[in-house]
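Read through the structure below, which is laid out as structure tokens, and then see the notes.
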Amino acid sequence: MKTYSQKQSEVKREWWLIDASTMPLGKLAVVIADKLMGKSKVTYTPHIDNGDYVVVINAKEVKVTGNKMVDKKYYRHSGYPGGLKELKLEEVLEKDPARVITSAVKGMLPKNKLAAERLKRLRVFADAEHAHTAQNPKEIK
């Protein structure tokens, strides 16, 4: 019996809808990363990008446990000396709620050449409305 290896031409992508207000940030990121990589599919092949599209709604209502709203920090650097910027989780949620979920999922994906393409298939919306109703995404409970 031979081991099955999926080809790029055989990839079938689906659309999934996840409500970010239903579970904590870490568990949410695990579910999203799993769908983006395609690990829940029977045809999973590590070197082929066979993941699905994921639409996340209600990003501004994401839950975190403990004191993470105050203690968790997001960093960015301008490239100039002394250009390190630091924001708390609550400040980032007010300014750009999509950044919180995107960075959590990015940390869950494997660091390889496929990661950027997988992350492009993640669509995050702050409210309950999203622009992908035509794709008929299946809801993940």
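So which of Asp71, Asp96, Asp19, Asp49 is among the acidic types (Asp, Glu), farther than 21 Å from Asn136 by Cα and in contact (Cβ under 8 Å) with a residue 24 or more places away in the chain? After applying the criteria, what remains is Asp49. Is it the case that some residue within the stretch 28-42 is among the hydrophobic types (A, V, I, L, M, F, W, C), closer than 19 Å to Asn136 by Cβ, in contact (Cβ under 8 Å) with a residue 40 or more places away in the chain and touching a Phe, Trp or Tyr at 6+ places or on another chain (Cβ under 8 Å)? No, the stretch 28-42 has no match at all.
Comparison of Val31, Val42, Val56 shows that the only residue that is β-branched (Val, Ile, Thr) and assigned to a helix (DSSP H, G or I) is Val31.
If you check Glu86, Glu14 for being in contact (Cβ under 8 Å) with a residue 12 or more places away in the chain, surrounded by fewer than 12 Cβ atoms within 10 Å (Cβ to Cβ) and over 17 Å from Phe125 (Cα atoms), only one passes: Glu86.
None of the figures in this text is laboratory data; all of them are computed from the coordinates on show. Bear in mind that the values here come from a model prediction, so they are computed numbers and not experimental data. Every residue, glycine as well, gets a Cβ built from its backbone with ideal geometry; the counts of neighbours run over all protein chains shown.
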